[in-house]
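Inspection log for the structure reproduced underneath, given as structure tokens.
Please treat every number below as a calculation from the coordinates, not as lab data. All of these numbers come straight from a predicted model, not from anything done at the bench. Every residue, glycine as well, gets a Cβ built from its backbone with ideal geometry; the counts of neighbours run over all protein chains shown.
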Amino acid sequence: MYPYQYDPRFQNLFPPGGGQGFPSFPPGGGQGFPPPPPPGGGGQGFPPQGGAQPPSSPPPAFTPTPKLGSGGPSLYAVDPGAISGCLYRYTYIWPRNGRPYWFYPTFVGRRSVAGYRWTGSFWVYAGVDVNQIREFQCV
């Protein structure tokens, strides 16, 4: 069958007469969809888990120096077990690509870290893949 040919098996997916194009879903997200986030909630579209709050103050005013020294690429991946020692502590992160930043981790998974990232003015909830971290340092 040609991919754009009409197939009567799918005739009930859209309202009769052409409609506006998409079927309606039940209120509250329907089955298989998460409910919409609460108003004013969790930063970049996903609320923090476990009720962890951002720090009540900005990060330290100093910038740590990287221990790798040369600033060149590292052949080693960051171990999630190592960064778990930085939970609920100000942590400076040097990513593999991009500018370094202050981070306040509140969750460490097998391959990712979540917490609050300092924008220069306020804390924003964010997550990062541990493979994207070149180096980190807790203070």
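Observations on the model:
- Between Gln132 and Arg89, full extension at 0.36 nm per residue minus the direct alpha carbon distance yields a gain of 13.5 nm.
- Distance between the modelled labels on Val124 and Ser57, one decimal in nanometres: 2.5 nm (7 Å Cα→Cβ projection).
- Extension gain (nm, one decimal) between Thr65 and Arg96, 0.36 nm per residue minus Cα-Cα: 9.6 nm
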